[in-house]
Amino acid sequence: MIGGTEWENDPPYPDSIATNAAALMLGFINESDHNLDEKGRLVIPQRHRAAFASGFVLTRGLDGCLWLWPLPTFESVQEQIRPASILDEPTRNLERLLYTGLDGKLDQQGRLTIPASLRKYAGIGSDGQVVLLGSRRRLEVWSPERWDAVTQRLPADAASASEQIRVTLM
């Protein structure tokens, strides 16, 4: 279901490598509302679990959200960062942003626990409500309030970005 709250009920990707590779090339697409359980665990929608079969990395993201990376994708990001000098303050700050998270594997029920420090960073309240977004190579975890604020500026920002990178949207 696109844009709804029924991701958990979507059929899983088949286990073939070709299908998983095709799904990762297309990227993560969708938006849905979720609730963390009392232990701070997030259930990853069934349709996306195959992408996290080898593991995940959960990091602080830009704009006050969390980024959830499939392990192979995060390793690719690491390779891009590796040549940068640690003497450069922006590089150190990027590393701090990306490497102060959590890595691991989903549990048997397809869940991961979001540590309290990351929930605080993302503004996720004690009610545990989150919005899970597909964002090409990663999933993003947002507090509903922060996501609502971002969506107010999306049309103008997208129009500007499409002009800057010369993408034809219409």
- Roll a 1.4 Å probe over the protein heavy atoms and report the accessible area of ARG82 in Å², nearest 10. 150
- Task: Describe numerically, in nm with one decimal, the distance between label points set 7 Å from Cα along Cα→Cβ at ARG136 and at ASN35.
- Result: 3.4
- Item | Rounded to the nearest 10 Å², the accessible area of GLU31 at probe 1.4 Å | 80
- Just read off the accessible area of LEU62 with the full protein assembly in place, 1.4 Å probe, to the nearest 10 Å². 100
- Message: Just to check I understand the Karplus step: with θ = phi - 60° and J = 6.51 cos²θ - 1.76 cosθ + 1.60, what whole-Hz values come out for segment 106-119, glycine and proline as x?
- Response: 5, 6, 4, 8, x, 10, 9, 8, 8, x, 4, 5, 6, 4
- What nm distance separates the two modelled labels at GLU95 and GLN109, each placed 7 Å from Cα along Cα→Cβ? 3.8
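The values are calculated or read from the model by the stated rules, or taken from the named source; none is laboratory data. This structure is a prediction, so every number in the text was calculated from the model and none was measured. Using ideal geometry, Cβ is built from the backbone for each residue, glycine included, and neighbour counts are taken over all protein chains shown. When the accessible area is computed, the model is the full protein with side chains, heavy atoms only, and any ligands, DNA or RNA have been set aside. Shrake-Rupley method; radii C 1.70, N 1.55, O 1.52, S 1.80 Å.
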